[in-house]
């Protein structure tokens, strides 16, 4: 609890992370927030931009190879934002990689997901991976909310160790739903467009 | 009167004024009929609310002393620089120089004031920073609009760190016969600058007819500048008893502060426009960002500091 508060304070000091609710309201319903990914600060910024009540029930999906290696980073992920780890390395996967995410959703938590799977050097996101589609299919009750994070690709570009304090605006867009019989490609394109239109 | 008595007398007057302003704002908000007037009054009340915060912070500063004051201004520089650089597009190669600005230049500048090292404080950023930053940027190897990028970083650093640090640097002046009272000089500077801003806004809203520089800042009018500026000079002259100046000296100093502050507001409005923004940020409710409040201070503080130093030391 204390760790989480300190973390939010630090993130606010460094990058502001002000939330703007453009397409939906900050309501306590189950959601999967999906956003563009350009820096290691993204996870923290989006999570910190949520109002405290929503933040308590929202868990960011974090790569095990970066956030799950213990140390300070591991501590922040475990005790700060309660990460749901995902295994990116195909070699080390056992069974269904989405299993931990589904478990978190089944427990009633909301998720923060970066469907590109890796950081992009550009302000606009790369094509999305399929994970978002599979989650949408398996958990139709969760609202899918598009989010755009600006500035952070400049604040902490790939390969840098220290973040430069720049104000980041977190724009929450409209909620999507998987349409009946919609195929994977067109859904992922639609989701991608929903993020891009907030940029 | 002792330092304490002078400070609290001035603060008492400011608090009384704020109380009146808050009351007026409240009555106006009850009487507003049209949407546009409601909007103007909501903005006015947000400004008054922000003023309460600024006064509270000044009091905390005064009660906690020199180190707290320096830390507070360092934080103000930090937020101002953050705003400035957020509006300034930077490339990957600017990362290291930006890191140096935030994590080296800000602490160093305020630490130099803290240890009373005037010689280095006055040249550190304009000489060493000026030369080091473009060199470090060049090491990054990216020549795409190199001059524009370095210029913007230099501008941001000079304005938000160097210039603003001159306000708390007033604490390191050793004016004969005024020892230990320098916090009053800081209070004097901030009051005259901010009252000038407020009065220019009020006079402009009430009597403004002729725009001064419509393409730069539509809210600045000749009537606002003259009416607000002269009133601020009168207030500043009336505060001569908290300064080391005579009555006329204080009027002259206030005039200097008002003019420098006005020019700062004007120049920074132009910078803001050229970066394509209306406000620097949303840090202070109703006031835009930190730089929207400190634009005039950033120009007035260095000029005031050096004129006082030249005239009295």
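Percent relative contact order of chain A, based on C-alpha pairs within less than 8 angstrom and at least six residues apart? Intermediate results must be reported in sequence, preceding the final value.
Details: 365 pairs, mean separation 63.1, N = 199.
Relative contact order of chain A: 32 percent.
Of all the Cα-Cα pairs you can form in the stretch A:119-199, what percent are over 19 Å apart? Can you show the working numbers first?
Details: 1434 of 3240 pairs.
Of all Cα-Cα distances in the stretch A:119-199, 44 percent exceed 19 Å.
FRET efficiency for residue A:174 and residue B:43, Cβ-Cβ distance as r, R0 = 35 Å, nearest 0.05? Provide the component values of the computation, followed by the final result.
Details: r = 30 Å, r/R0 = 0.86.
The value I calculate is 0.70.
Eigenvalues of the Cα gyration tensor times 5, then square-rooted: what semi-axes does that give for the stretch B:180-313, in whole angstrom, largest first?
On the way: eigenvalues 138, 57, 31 Å².
In descending order the semi-axes read 26, 17, 12 Å.
Indicate, rounded to the nearest 5 percent, the antiparallel portion of the DSSP beta bridges found entirely in the protein assembly as shown. Please report the intermediate quantities before stating the final value.
Working: 7 of 25 bridges.
Of the beta bridges lying entirely in the protein assembly as shown, close to 30 percent run antiparallel.
Report Rg/Rh for the stretch B:1-64, rounded to two decimals, where Rg is the Cα radius of gyration and Rh the Kirkwood radius.
On the way: Rg = 15.0 Å, Rh = 13.2 Å.
Rg/Rh: 1.14.
Using the basic label-point model (7 angstrom from Cα toward the beta carbon), what is the residue A:158 to residue B:103 distance in nanometres?
The two pseudo-label positions are separated by 2.2 nm.
Suppose R0 equals 60 Å; then what is the FRET efficiency for residue A:190 and residue B:205 from their Cβ-Cβ distance, rounded to the nearest 0.05?
Working: r = 48 Å, r/R0 = 0.81.
The pair residue A:190/residue B:205 has a calculated efficiency of 0.80.
I want to check the label-to-label distance for residue B:155 and residue B:53. Put each point 7 Å from Cα in the C-beta direction and report it in nm to one decimal.
Modelled inter-label distance: 2.6 nm.
Could you please rank B:103, A:33, placing first whichever residue has the fewest other Cβ atoms within 10 Å of its Cβ?
Details: B:103 13, A:33 26.
Arranged by neighbour count, lowest to highest, B:103, A:33 become B:103, A:33.
Enumerate the whole-percent occupancy of each 5 Å bin, from 0 to the last occupied one, for all C-alpha pair distances of the stretch B:67-172.
Using 5 Å bins, I get a P(r) of 2, 13, 26, 24, 17, 10, 6, 2, 0 for the stretch B:67-172.
What does the convex hull of the Cα atoms of the protein assembly as shown come to per residue, in Å³, rounded to a whole number?
About 179 Å³ per residue, rounded to a whole number.
Quick one: plug the Kirkwood hydrodynamic radius of chain B (C-alpha pairs) into Stokes-Einstein at 37 °C, 0.692 mPa s, and report D in µm²/s. Intermediate results must be reported in sequence, preceding the final value.
On the way: Rh = 20.5 Å.
So the translational diffusion coefficient is about 160 µm²/s.
Which of A:48, A:63, A:77 ends up with the largest GNM mean-square fluctuation for chain A, with Cα atoms connected below 10 Å?
Among A:48, A:63, A:77, the largest GNM mean-square fluctuation belongs to A:63.
For the stretch B:121-192, restrict the atom set to alpha-carbon positions and state the Rg and Dmax in Å.
Cα radius of gyration and Dmax of the stretch B:121-192 are 17.2, 55 Å respectively.
Could you check which residue among A:142, A:49, A:179 shows the biggest mean-square fluctuation in a GNM of chain A with a 10 Å Cα cutoff?
The residue with the greatest mean-square fluctuation here is A:179.
For a paramagnetic label modelled at 7 Å from the Cα of residue A:124 toward its Cβ, which residues of the stretch A:34-66 fall within the zone defined by backbone nitrogen distances under 16 Å?
Answer for this model: A:36-38.
List the relative contact order of the stretch A:57-150 as a percent without decimals, with contacts defined as Cα pairs under 8 Å and 6+ residues apart. Display every interim value, and only then the final one.
Numbers: 91 pairs, mean separation 24.7, N = 94.
26 percent.
With a point put 7 Å past each Cα toward its Cβ, work out how far residue B:139 is from residue B:96 in nm, to one decimal.
Between residue B:139 and residue B:96, the label points sit 0.4 nm apart.
What residue among A:154, A:171, A:59 has the largest mean-square fluctuation in a Gaussian network model of chain A, using Cα springs under 10 Å?
A:154
Given all pairs of different Cα atoms, what value in angstroms does the Kirkwood hydrodynamic radius of chain A take?
Numbers: mean 1/r = 0.0596 Å⁻¹.
Taking the inverse mean of 1/r over all distinct Cα pairs, chain A comes out at 16.8 Å.
Percent relative contact order of chain B, based on C-alpha pairs within less than 8 angstrom and at least six residues apart?
19 percent
A short reminder: the numbers here are calculations on the coordinates, not readings from a lab. Predicted model, so just to flag it, every value in this text is computed and none were measured. Heads up, the Cβs are rebuilt from the backbone with ideal geometry, glycines too, and the neighbour counts pull from every protein chain shown.
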